[in-house]
Amino acid sequence: MADRGVDLSALPKEVRDQLAELDLELSEGDITQKGYEKKRAKLLAPYIIHTPPPPPQNVQPPAPSSSSHAPPPSSSSRYRERRARRTHRSGGTRDDRYRSDIHTEAVQAALAKHKEEKMALPMPTKRRSTYVQSPIETRTPPAMRRQSSVVAPQPQVNPNLQSPESWVNHIVQGSSTSSSASSTLSQEYKPQYQPLYQPHHQPQYQPQHHYSTLVPLKHEDIPLLPLTAHSENSAPPPDVTAVAPPARGPRVDLPSNAVVRGMSRGQSRSSMMETADGVPVSSRVSTKIQQLLNTLKRPKRPPLSDFFTDDAEEIVEVPQPDPNTPKPEGRQIIPVKGEPLGVVSNWPPALQAALARWGATQGKSPALTALDITGKPLYTLTYGKLWSRSVKLAYTLLNKLGTKNEQILKPGDRVALVYPNSDPGMFWVAFYGCLLAEVIPVPIEVPLSRKDAGISQVGFLLGSCGVGLALTSEICLKGLPKTPTGEILQFKGWPRMKWVITDSKYLTKPSKDWQPHIPTANTDPAYIEYKANKEGTVVGVAVSKVAMLTHCQSLTQACNYCEGETLVNVLDFKKDMGLWHGVLTAVMNRIHTISVPYAVMKACPLSWVQRVHIHKARVALVKCRDLHWAMMAHREQRDISLASLRMLIVADGANPWSVSSCDAFLSKFQSHGLKPEVICPCATSPEAMTVAIRRPGVPGAPLPARAILSMGGLSHGVIRVNTEDKNSALTVQDVGHVMPGALMCIVKPDGPPQLCKTDEIGEIIINSRAGGNMYYGLPGLTKNTFEVIPVNANGVPIGEIPFVRSGLLGFVGPGSLIFVVGKIEGLLMVSGRRHNADDLVATALAVEPVKTVYRGRIAVFSVTVFYDERVVIVAEQRPDASEEDSFQWMSRVLQAIDSIHQVGLYCLALVPANTLPKTPLGGIHISDTKQFFLEGNLHPCNILMCPHTCVTNLPKPRQKQPVGVGPASVMVGNLVAGKRIAQAAGRDLGLIEDQDLVRKHQYLTEALQWRAQTDPDHVLYILLNAKGVTVGTATCIQLHKRAEKIAAALTEKGSINTGENVVLLYPPGIDLIAAFYGCLYAGCVPVNVRPPHPQNLAATLPTVRMIIDVSKAACILTTQNLMRTLRSKEAAASVNIKTWPTIIDTDDLPRRRPPQIYKPPTAEMIAYLDFSVSTTGMLTGVKISHAAVSALCRSIKLQCELYSSRQIAICLDPYCGLGFVLWCLASVYSGHQSILIPPFELETSLSLWLSTLSQYRIRDTFCSYSVMELCTKGLGTQTDLLKARGVNLSCVRSCVVIAEERPRLALTHSFSKLFKDVGLSSRAVSTAFGSRVNLAICLQGTTGPDPCTVYVDMKSLRHDRVRLVERGAPQSLPLMESGKILPGVRVIIVNPETRGPLGDSHLGEIWVNSPHNASGYYTIYGEESLQADHFNTKLSFGDPHTLWARTGYLGFVKRTELLDASGDRHDALFVVGSLDETLELRGLRYHPIDIETSVSRAHRSIAESAVFTWTNLLVVVSELCGSEQDALDLVPLITNVVLEEHHLIVGVVVIVDPGVIPINSRGEKQRMHLRDSFLADQLDPIYVAYNM
């Protein structure tokens, strides 16, 4: 700073006035920071003195009492007036507990530095309805909802409100970084680390506005595009995003003409992707992603060390220490001794004896004055009354609570004291009554509701202390929550409690001869004080009678208490300092205590100062909060005097940030008689009780020293005087000397209690008679805390005496002064460095948050994610804060904490006002907040996650090694190792016995004609409706006749030539089957297409149109209804209906026969085309020949043992793949009867499929995953109802799921389990597997071993390896065999890169050879190379003659112990996933389903999720099935689970409504459609979070 060497008070008055004016201009925004600095430097230039270097001691002389918080005394009156007006305006917002002007200045400087580096963070997108807060709604311009076919009506806008332009301009210009008068940027400030590049100008954070109006923005405020300007000599930034996905062989590059991308939105793919990085210009989402990428390209802080080496199994290594870490260099510390505890002749032998003495001799003397809610005295309890009531209570407790022979309470029992903060009198009587009765009081907070923060933990305390009885007052009892019958609620986790009212009128006067027993203080417990630890567990610290008495004696000696003094107590009298000074030591010394409850402080913050003034109190007991509140309200009182105070005890003086509160309070109240030497900070803990306290000073003596420490040093646990960079300095005040009679050491906080060196920060441990004795009822915990023997550097104990851990971190300064820098509870250990939660709070609050968050309502904690602690900050947002303000504040907090503490924040969340769990005195319940965060119950209204910046310990990305070993060597290596080649085959198709059969089965048309002649009335098909009623049947002859009619119509009406393609557009049913055979009879090639959905023509009709165009169909066969749909107005909106080919409706055709039934010249001719949209959005058509049809049908007949006497039930979509084959072809070939259940009927009648199976006693059934999921979700809870209806599935011996994906084990298992109750055999459910190149590779038949399950290691899988592990192993993934390989099919596992065969249990691509392989892709121009690659490929080594088809799926073959039908060991095929679907991230291969499974487990409100990558960012889309308030809870949970289980950082989290993720008829997610919709901004998301 320019004025570092200048004493401002020594400057001439006019210079001071000009400086004040300048400060004001800056704070009001009338001058820029740069201009301010220039002018200020100019003003001060003549007065700068070059100071000598600071003294080497780590302590500097105290600041002058007119501390920097007050403006210079003679600044201009205008300045003072405006400043006063401002402070008044800001209300109770500026929490000076955490305030230090030096720190604010440091933060501003850090932010200014970041401003130079320009951070453009993308702002999250939020749907308007997610805002919880109403008042701002009127001021925030509504963000545009998606521009879809339905435009949401804009809300009526009040014409008096500002237009969006003015709004945006206002935001932009008002975003000056600095609004604090003291924020000046230090000129000799050296940044901690130089960024790798610094663009010439760096705009600050970029608010994103998506309004319909374009706003002229100022050039210097907002970057429009990523900055590419680098300074001349700097290296370009490392690009974290440019890991090019390795080419995956020609499998993916299907040319656009060969395979048409589904769902084109009227423009070609290329027209959308024209800009750099493939980001569509029109899309708001992707500009944000681009912005996020640019942010991520900024140089990361270099990680402390690259500890995570990626060995084979990615084991996380122990961090290697950084050689530049500061290390302690001092000698070993010597224990510090307090002065001896003096013996005073009239000190009582026990505390109760003191009360008895004062009750008898000084009965009229006041003991306690309680205040009402307005701050006026309510009653005064004298020592006489206190004594007599306590005796009455003691008598009642011991003699009147049970029957004469069986008293409920005996001496030594524990009782809970439940009294409100506003009733100290009742509490005092109860406490001393218990002491006199020798029962052990356990004071706790009054439970207000079942949902109190930490209520069940209090139950743990009561349980561990064995409490069964609670004392309370009548008023308090009335206020406790009750059940409807009027009984007190049983609180969660509490033992059964009896409640006793202690009001005087209910107490019994003891008989004349009864006297309480007052023994000399011994080591029995006197009382138990509760204490919540970091995890939120509440334990009871037992204090013995002798410890209680000794503590009172040492406090009396240290604080110099005299008999009859007056003390004002603002602290909680149930525990800690409030109890020790205000209840116990006060009675020992006959002090008059004035108790100021929290409620009064809230209503009248100055009340305690007024009480000191009125009662001429000598001692006041306060916290920094009370100092701060008194300063805020100070202007209301002129004539108060604090001259009577000899001691102002600051209970949280050990908090490093208390120093600024003390200074500010002193500067404000010095003029009211407050003497500087009366401020006495102290350090305490429940276990060690008072650790140290500053003794009241002598007037005129020099004030104690301050230590200015380097934050960097502190984070490594060493003390370093901060000289070079004052922005990361911490100023701490001492907390005085050790207590009389105590011995103190400093030991390392973790590991064995080794003594620290003199310049090392450690935990303070105390040996004293005046400390806690144990955690009551918890001997294990007690040993580690209350019986610590310190050891020296060699690990040798330094003595016999046990010490108590205080939980405070600190060091011993010069003159044996104790300095405390934090608490173990607030310690966050991130990457091996310590950070103090309070320090982070202070930095966050120094980022002027007055507009955004409430001070004092901010929580900092750490969560363990991926082998390290991660820092989370949660604050309460003001209701009137705008989205932009909040986001700007959040991004600036990130920068400030990064600069000052060198630690990255993992998550910053803002929650609505008053929603964080509170402690009884209004603070934040940290452990509950953390619990809510981890459970997803925090309900934030704003969240910013920064995993990219703070997770520095990810394993290095895998570098794919060039394959040095050829496929031949691999094969030989496998053979040498005794591993067989990974191949498997079904049984032989067998020779066909009889020539007649050969002819009959050569073509399906001939099979149908043969059946129509030989068995005309055999029913082949039965079609059911939703009620289970037969609505259509087809016998062999009926089907033949209908096929003839259609063939005749095709040749007459459609004038179709043989070999032309005909599209079949039918709902699932018998019409479709008849039309198929009609086409074959006429010699046309049928193309089966799913009809468009009448309610959703816009989405489904373009796909139909595309297939019709691609297949060059000459004609469409359909029903009358669908024909009307195709020609409707609605259809015209999405496609050109004038250019349909000929449409023939087959509903009422005349009875005609074709001149002859076509017979193909060879079996290699194409029978039909099979079109399907893959999960990656590719529309692929394959050609199926007549030979393939009959081979496939024969294979299925053998595998499933199908004969004409058999019945099967099919609940599948009949449009492609194996579903179509089973629906249309298999019955005609094998003669069995098929009961057809259209899957859409299940939507109206869920139990249709299962009741059909039961009714017809079906043995074999085929379904899809979507059908199984419908039944599991919809009927899973209704199995009793199904039973009652007589549904019995014990007849089912095989239920096969038809799919082209990895078996969904969880779904099949839960289906089997749920319907076991209605007789379904656990062995019945199995799966099939097919692909585009071969429609049916595996199908669980009727014979053969059951499908087996193996567990594979997910980490190995990502490296393209298979490692089998035991069930339940961490990171294990269960895989189920995909059914038995069909007869005539051979599969082999091949390395997709080298095309060489792989060994057993190796992961590779599944290649298949079989007579029913498809003949090739259906393309417009016969793409030969692609056909050759996918359908007629040869191995590069091994068996060079066989032709294989590549399925495009990864899997492995494993030989099992089971035997197949022929008695050989069975080879099982396991499908892992589609190659096209896999995500290449960090050089590893991920299967989306694995990440999605983890995400769906993360929170109960996630219904379904899908993942995809975009410019190397992982995007997770999750459907929210809960309320929109839960939307933001999902963001951290999703980020955590993916990081923990998959070692990946999520780039974007999108929360959407249920049903948004597109799923095709097979139940597969269409991730690429989802990706396109997301990038074109068509999802209407509830929330989009861009993780930094």
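The values are calculated or read from the model by the stated rules, or taken from the named source; none is laboratory data. Here the structure is a predicted model, which is why all the values come from computation and not from measurement. Because the Cβ atoms are built from the backbone with ideal geometry, glycine has one as well, and the counts that use them run over all protein chains shown. These area figures cover heavy atoms from the full protein model, side chains too; ligands, DNA and RNA do not enter into them. Shrake-Rupley method; radii C 1.70, N 1.55, O 1.52, S 1.80 Å.
Of all residues in the range 443-476, count the ones that are assigned to a helix (DSSP H, G or I), surrounded by fewer than 17 Cβ atoms within 10 Å (Cβ to Cβ) and touching a strand residue (DSSP E or B) at 6+ places or on another chain (Cβ under 8 Å).
Residues in the range 443-476 being assigned to a helix (DSSP H, G or I), surrounded by fewer than 17 Cβ atoms within 10 Å (Cβ to Cβ) and touching a strand residue (DSSP E or B) at 6+ places or on another chain (Cβ under 8 Å): 1 in total.
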Review point. Is it fair to say Gln1578 is farther than 28 Å from Gly1483 by Cβ and touching a Lys or Arg at 6+ places or on another chain (Cβ under 6 Å)?
Key: yes
Review point. Is it the case that the range 680-688 has a residue that's in contact with a Gly (Cβ under 8 Å, 6 or more places away or on another chain), in a loop (DSSP other than H, G, I, E, B) and surrounded by 24 or more Cβ atoms within 10 Å (Cβ to Cβ)?
Key: yes
Revision key, fill the gap. Residue set Ser1247, Ser1234, Ser1227; condition touching a residue at least 24 places away in the same chain (Cβ under 8 Å), out of contact with any Ser or Thr (no Cβ under 7 Å at 6 or more places or on another chain) and not hydrophobic (A, V, I, L, M, F, W, C); output residue Ser1247
Study note, to complete from the structure: Scanning the range 1314-1344 for residues that are assigned to a loop (DSSP other than H, G, I, E, B) and under 38 Å from the mean Cα position of the chain (by Cα), the one surrounded by the most Cβ atoms within 10 Å (Cβ to Cβ) turns out to be Gly1330
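Search the range 632-667 for residues being part of a loop (DSSP other than H, G, I, E, B) and among the hydroxyl-bearing types (Ser, Thr, Tyr), and hand back the single one that is least open to solvent (accessible area, probe 1.4 Å).
Filtering the range 632-667 for residues that are part of a loop (DSSP other than H, G, I, E, B) and among the hydroxyl-bearing types (Ser, Thr, Tyr), the one least open to solvent (accessible area, probe 1.4 Å) comes out as Ser644.
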Practice item. For the range 1158-1208, name all the residues that are within 47 Å of the chain's Cα centre (by Cα) and among the charged types (D, E, K, R). Key: Asp1170
Exercise for review: Examine the range 898-914 for a residue that is at positive phi, in contact with a Lys or Arg (Cβ under 8 Å, 6 or more places away or on another chain) and either in contact (Cβ under 8 Å) with a residue 24 or more places away in the chain or not aromatic (Phe, Trp, Tyr) (or both), and state whether such a residue exists.
Suggested key: yes
Study note, to complete from the structure: Residue pairs within 6 Å by beta carbon, gap of at least six or interchain, first lying in the range 374-389 and within 14 Å of Val600 (Cβ to Cβ), second open to solvent by 40 Å² or more (accessible area, probe 1.4 Å), listed first then second, are Leu378/Asp372
Revision key, fill the gap. For strands (runs of 3 or more DSSP E) lying entirely in the range 1173-1253, having 3 or more residues that are surrounded by fewer than 23 Cβ atoms within 10 Å (Cβ to Cβ) picks out 1178-1185
Review point. Quick check, is Thr485 within 21 Å of Leu393 (Cβ to Cβ) and either part of a loop (DSSP other than H, G, I, E, B) or open to solvent by less than 40 Å² (accessible area, probe 1.4 Å) (or both)?
Key: no
Exercise for review: Identify, by number, the condition in (1) at pLDDT below 95; (2) more than 27 Å from Glu1269 (Cα to Cα); (3) among the hydrophobic types (A, V, I, L, M, F, W, C) that Phe1574 doesn't meet.
Suggested key: (2)
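Can you find even one residue in the range 596-608 that is more than 44 Å from the chain's Cα centre (by Cα) and charged (D, E, K, R)?
no
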Practice item. State yes or no: is Ser1415 open to solvent by 10 Å² or more (accessible area, probe 1.4 Å) and over 14 Å from Leu1450 (Cα atoms)? Key: yes
Practice item. Tell me, yes or no, whether the range 425-439 has at least one residue that is open to solvent by 40 Å² or more (accessible area, probe 1.4 Å) and touching a strand residue (DSSP E or B) at 6+ places or on another chain (Cβ under 7 Å). Key: no
Review point. Which of the residues spanning the range 488-507 are polar (S, T, N, Q) and either in contact (Cβ under 8 Å) with a residue 60 or more places away in the chain or within 23 Å of Gly433 (Cα to Cα) (or both)?
Key: Thr502, Ser504
Exercise for review: State whether one or more residues within the range 407-414 are assigned to a strand (DSSP E or B) and either of a type in the set (Asp, Glu) or touching a Ser or Thr at 6+ places or on another chain (Cβ under 7 Å) (or both).
Suggested key: no
Study note, to complete from the structure: The residue that is farthest from Thr520 (Cα to Cα), considering only those in the range 311-351 that are modelled with pLDDT under 70 and open to solvent by less than 50 Å² (accessible area, probe 1.4 Å), is Glu313
**Study point:** Within the range 762-797, considering residues that are of a type in the set (Gly, Ala, Ser) and in contact with a Ser or Thr (Cβ under 8 Å, 6 or more places away or on another chain), the one nearest to Pro686 (Cα to Cα)
**Key:** Ala770
Practice item. Could you figure out which of (1) out of contact with any strand residue (DSSP E or B) (no Cβ under 6 Å at 6 or more places or on another chain); (2) at pLDDT 90 or above; (3) closer than 29 Å to Pro1558 by Cα isn't true of Thr1176? Key: (2)
Practice item. Tell me which residues, restricted to the range 1015-1059, are closer than 21 Å to Asp1148 by Cβ and of a type in the set (Lys, Arg). Key: Lys1041, Arg1042, Lys1045, Lys1053
Review point. Which of the following residues is over 30 Å from Leu781 (Cβ atoms), in contact with a helix residue (DSSP H, G or I) (Cβ under 6 Å, 6 or more places away or on another chain) and among the aromatic types (Phe, Trp, Tyr): Tyr383, Tyr432?
Key: Tyr383
Review point. Taking the range 814-833 only, how many residues are in contact with a Pro (Cβ under 8 Å, 6 or more places away or on another chain) and over 23 Å from Ser660 (Cα atoms)?
Key: 2
Practice item. Kindly indicate which of Thr1142, Thr1118, Thr1051 is among the polar types (S, T, N, Q), closer than 23 Å to Val1221 by Cβ, out of contact with any Phe, Trp or Tyr (no Cβ under 6 Å at 6 or more places or on another chain) and touching a residue at least 40 places away in the same chain (Cβ under 8 Å). Key: Thr1118
